[in-house]
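The values are calculated or read from the model by the stated rules, or taken from the named source; none is laboratory data. Predicted, not measured: the structure shown is a model, and the values here were computed from it. FYI the Cβ positions are ideal-geometry reconstructions off the backbone, even for glycines, and counts take in every protein chain you see.
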Amino acid sequence: MYKTMFGASGFRKGMDLYFQRHDGQAVTCEDFYAAMCDANNAHLPNFLQWYSQAGTPTVKVTSSYDEGSQAFSLKLSQEVPPTPGQPMKEPMFIPVAVGLVDSTGKDMPLTSIYSDGMVQTLSNDGHPIFTTVLQFKKKEEEFIFKNVPERPVPSLLRGYSAPIRLDSDLTESDLYFLLANDSDEFNRWEAGQILARKLMFSLVADFQQQKTLALNTKFVDGLRAILQSTSLDKEFIAKAITLPGQGEIMDMMSIADPDAVHAVRTFIKKELAFQLKDDLLAAVTSNRSSEAYAFDHDSVARRALKNTCLAYLASLNEPDVTELALNEYKSATNMTEQFAALAALSQNPGQVREDALLDFYNKWQQDYLVVSKWFALQATSDIPGNVVNVQKLLAHPAFDMRNPNKVYSLIGGFCGSPVSFHAKDGSGYKFLGEVVLQLDKINPQVSLTVIAK
């Protein structure tokens, strides 16, 4: 948040002063705060509440536009939930980075803001400003942007400028618009995640009522546009097309339904793979490389996008895709891509899966950490009846119940698979109970850790 408020150069000035004052000393958060403020000649009232007040603030935002005065208003209110020992909370100092997006998808230049009886003129040495940071310090505040020629779509909390929960009045259409146009990659990703969660909750309700599942075409088109973009960072594309996890969705449900969430997420993944197959195949092909492994951003981004697209395609369980994944596995020049191809092949039961898993183990059996990844990959699989496979792996020569990391990879990994662990027949719970009884005799601390996770 300091960097958000002071910028990169201001943050560096604060760091330099902090080390100048305190290098080699045992100091406090207050000392760091003082260095940041002194270096930037700033005063941040109630900012230290972040260090002394428990709980995550929820910020509600409502917007309105007055065409006659060309003024766009954002009304913000904050609430910090009561926590043990702190039933009453004071307002926090929350930096909210904001931009306004016009109807063509372009950022609007910001000229002035009216708040708390004062007008602040925004300038940057004559250059236009497209993002500003609102200093939200009270329980409720209103910020009015002047000289706004049309009603914009607000891009709120850009760059995740504060660790809060945001509750805004953005409509579903606004979210699709931001998904397609926002220049801030975090907000573009967040818009997609919100839409995906809404879609998943809606389909879970349909599944529970035994209705036919159908995918929103606007959601498909939104992801297609991102996938086809030549200007977006490839690592961002990989993250933007990734669906929220099953655990995340279940955590947000009043009564978790693992089977329904798994069925819905599987449906969405397969349907996206089917409708976007050509684009996904093109992404795999265009991001394939035979060059030596390199650890730089472009290479990491290329691998991330290729591997994400391959995982989508593998959900189709079609012969041409299986052949593609097998070729990627055999031709991989590094662990990242080979393991990703193995994970794709492991999505579907069959001889190809078993052969690939055996080949990988034979190749890497001398590497302790890689074998742990190999165990975890199989343990977390959603293939039907996976508890039987995990039980067999307990007898594998590379598994040792006395080794905590092997236990966490195999048994902990299995418990982290919602569909397998929470199987309706109770087989997942029974398996864990039996293993914990064995484990408790060997290492009670590890058995406790497995249960706690």
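Below are the figures for this structure:
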| item | result |
| --- | --- |
| Segment 199-219 residues that are farther than 14 Å from Thr266 by Cβ, paired with ones that are among the small types (Gly, Ala, Ser) (beta carbon under 6 Å, 6 or more apart) | Gln208/Ala260 |
| The lone exception for Tyr368 - which of (1) buried (at least 18 other Cβ atoms within 10 Å of the Cβ); (2) modelled with pLDDT under 95; (3) of a type outside the set (Val, Ile, Thr) it fails | (1) |
| Any hit, segment 267-287, residues being surrounded by fewer than 16 Cβ atoms within 10 Å (Cβ to Cβ), over 24 Å from the mean Cα position of the chain (by Cα) and among the basic types (Lys, Arg) | no |
| Test: Val119 is among the β-branched types (Val, Ile, Thr), in contact (Cβ under 8 Å) with a residue 40 or more places away in the chain and assigned to a strand (DSSP E or B) | no |
| Every pair of residues 6+ apart whose Cβ atoms lie under 8 Å, when the first sits in segment 346-374 and is farther than 23 Å from Gly385 by Cβ while the second is assigned to a loop (DSSP other than H, G, I, E, B) | Gln365/Ala398; Val371/Gln365; Val371/Ala398 |
| Residue among Leu179, Leu203, Leu232 that alone is assigned to a loop (DSSP other than H, G, I, E, B) and either over 21 Å from Thr58 (Cα atoms) or over 16 Å from the mean Cα position of the chain (by Cα) (or both) | Leu232 |
| Criterion (at pLDDT below 95 and among the aliphatic types (A, V, I, L, M)) met by exactly one of Leu17, Leu76, Leu44, Leu100 | Leu44 |
| Residue among Met200, Met253 that alone is closer than 21 Å to Phe421 by Cβ, outside the structural domain of Lys106 (by TED's automatic domain parsing), modelled with pLDDT under 95 and aliphatic (A, V, I, L, M) | Met253 |
| Residues satisfying the stated conditions in segment 65-88, i.e. within 17 Å of Lys138 (Cα to Cα) and either among the aromatic types (Phe, Trp, Tyr) or surrounded by 12 or more Cβ atoms within 10 Å (Cβ to Cβ) (or both) | Ser73, Leu74, Lys75, Leu76, Ser77, Gln78, Glu79, Val80, Pro81 |
| Selected residue (criterion: surrounded by the fewest Cβ atoms within 10 Å (Cβ to Cβ)) from residues of segment 237-261 that are under 15 Å from the mean Cα position of the chain (by Cα) and of a type in the set (D, E, K, R) | Asp251 |
| Which listed residue, of Phe399, Phe421, Phe431, is among the aromatic types (Phe, Trp, Tyr) and under 25 Å from the mean Cα position of the chain (by Cα) | Phe421 |
| Which numbered condition Asp425 misses (of (1) part of a helix (DSSP H, G or I); (2) over 19 Å from Ala344 (Cα atoms); (3) charged (D, E, K, R)) | (1) |
